[in-house]
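S.K.: First, the structure itself, so that you have it in front of you.
The values are calculated or read from the model by the stated rules, or taken from the named source; none is laboratory data. Since the model is a prediction, treat every value here as computed from it, not as a measurement. Here the Cβ positions follow ideal geometry from the backbone for every residue, glycine too, while neighbour counts run over all protein chains shown.
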């Protein structure tokens with residue numbers, strides 16, 4: 001895999017943002033998780049960066065309330081796996097980027113979008129990167 005994103009730099013730049021998210025009431029932000037490119041299969045997901053020889057991915061889990069949960073995994077190759085459950089809606093995205101700035105923007109935009117949604121679901125038009133999906137209000141989902 002090409003190494004477009006220095007995951008250690010990304011983690012360093014995420015720390016103050018993660019601290020701010022952790023300070024919000026009702027939000028649970030887990031530790032950063034790491035996967036080692038050189039580890040044998042199945043590659044374990046670890047929270048101890050010092051045990052990772054060559055970082056292949058860094059991940060983060062954010063919970064809001066009892067059932068709303070977001071997971072994002074940034075890959076050094078220049079993409080992220082983003083998934084969340086919100087108001088019984090499952091959302092999966094795979095945005096791409098070329099560098100740490102792009103990766104940071106993807107993480108922050110997705111977490112902030114997840115945290116900003118009200119519990120009835122909020123409709124959002126596709127954003128400038130064209131990887132946002134349109135969510136409908138709960139009442140529209142059930143009546144359709």
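S.K.: Specify the residue that is surrounded by the fewest Cβ atoms within 10 Å (Cβ to Cβ); the eligible residues are those in the range 21-32 that are within 14 Å of the chain's Cα centre (by Cα) and under 15 Å from residue 114 (Cβ atoms). First the steps, then the outcome.
M.R.: If we filter the range 21-32 for residues that are within 14 Å of the chain's Cα centre (by Cα), which is where we start, we get 21, 28-32.
Restricting the remaining residues to those that are under 15 Å from residue 114 (Cβ atoms) gives 21, 28-30.
On the way: 21: 18, 28: 13, 29: 20, 30: 15.
Filtering first and then ranking leaves 28.
S.K.: Which pairs turn up if I take residues in the range 94-118 that are on the phi < 0 side of the Ramachandran plot and buried (at least 20 other Cβ atoms within 10 Å of the Cβ) and look for partners that are in a loop (DSSP other than H, G, I, E, B) and modelled with pLDDT under 95 with beta carbon separation below 7 Å, at least 6 apart in sequence or on another chain?
M.R.: Listed pairs, sorted by first residue: 95/129; 95/131.
S.K.: Out of the range 65-82, which residues are outside any strand (DSSP E or B) and either without any contact (Cβ under 8 Å) to a residue 60 or more places away in the chain or in contact with a strand residue (DSSP E or B) (Cβ under 8 Å, 6 or more places away or on another chain) (or both)? Break it down into steps so the answer makes sense when it comes.
M.R.: We begin by selecting, within the range 65-82, every residue outside any strand (DSSP E or B); these are 65-67, 76-78.
Scanning the range 65-82 gives 65, 66, 67, 76, 78.
S.K.: Being outside any loop (DSSP other than H, G, I, E, B) and either more than 20 Å from residue 18 (Cβ to Cβ) or in contact with a helix residue (DSSP H, G or I) (Cβ under 8 Å, 6 or more places away or on another chain) (or both) narrows it down to one residue among 62, 106; which is it? Quick ask: steps written out before the conclusion?
M.R.: Numbers: 106 fails: either more than 20 Å from residue 18 (Cβ to Cβ) or in contact with a helix residue (DSSP H, G or I) (Cβ under 8 Å, 6 or more places away or on another chain) (or both).
Only one candidate passes the filter, namely 62.
S.K.: In the list 85, 122, which residue meets the criterion of being more than 29 Å from residue 6 (Cβ to Cβ), part of a loop (DSSP other than H, G, I, E, B) and modelled with pLDDT under 95? Explain how you work it out, then say what you get.
M.R.: On the way: 85 fails: part of a loop (DSSP other than H, G, I, E, B).
None of the others qualify; the one that does is 122.
S.K.: Run residue 41 past the list (1) in contact with a helix residue (DSSP H, G or I) (Cβ under 7 Å, 6 or more places away or on another chain); (2) exposed (fewer than 13 other Cβ atoms within 10 Å of the Cβ) and report the number of the one that doesn't hold.
M.R.: (1)
S.K.: While we're looking at this one, here's another question. Examine the range 8-27 for a residue that is in contact with a strand residue (DSSP E or B) (Cβ under 8 Å, 6 or more places away or on another chain) and in a strand (DSSP E or B), and state whether such a residue exists. Before you say what the answer is, go through the steps one by one.
M.R.: First pass over the range 8-27, keeping only residues in contact with a strand residue (DSSP E or B) (Cβ under 8 Å, 6 or more places away or on another chain): 8, 10-11, 14, 18, 21-22, 26-27.
Now narrow it down to the ones that are in a strand (DSSP E or B): 27.
For the range 8-27, residues in contact with a strand residue (DSSP E or B) (Cβ under 8 Å, 6 or more places away or on another chain) and in a strand (DSSP E or B): present.
S.K.: Quick check on residue 53: is it more than 20 Å from residue 101 (Cβ to Cβ), part of a strand (DSSP E or B) and in contact (Cβ under 8 Å) with a residue 12 or more places away in the chain? If you could, list the steps in order and put the result at the bottom.
M.R.: Numbers: more than 20 Å from residue 101 (Cβ to Cβ): yes; part of a strand (DSSP E or B): no; in contact (Cβ under 8 Å) with a residue 12 or more places away in the chain: yes.
So residue 53 does not fit the description; no.
Every residue, every condition in (1) crowded, with 17+ Cβ neighbours inside 10 Å; (2) at pLDDT below 95, yes or no:
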site	(1), (2)
19	no, no
36	yes, no
52	yes, no
65	no, yes
68	yes, yes
74	yes, no
79	yes, no
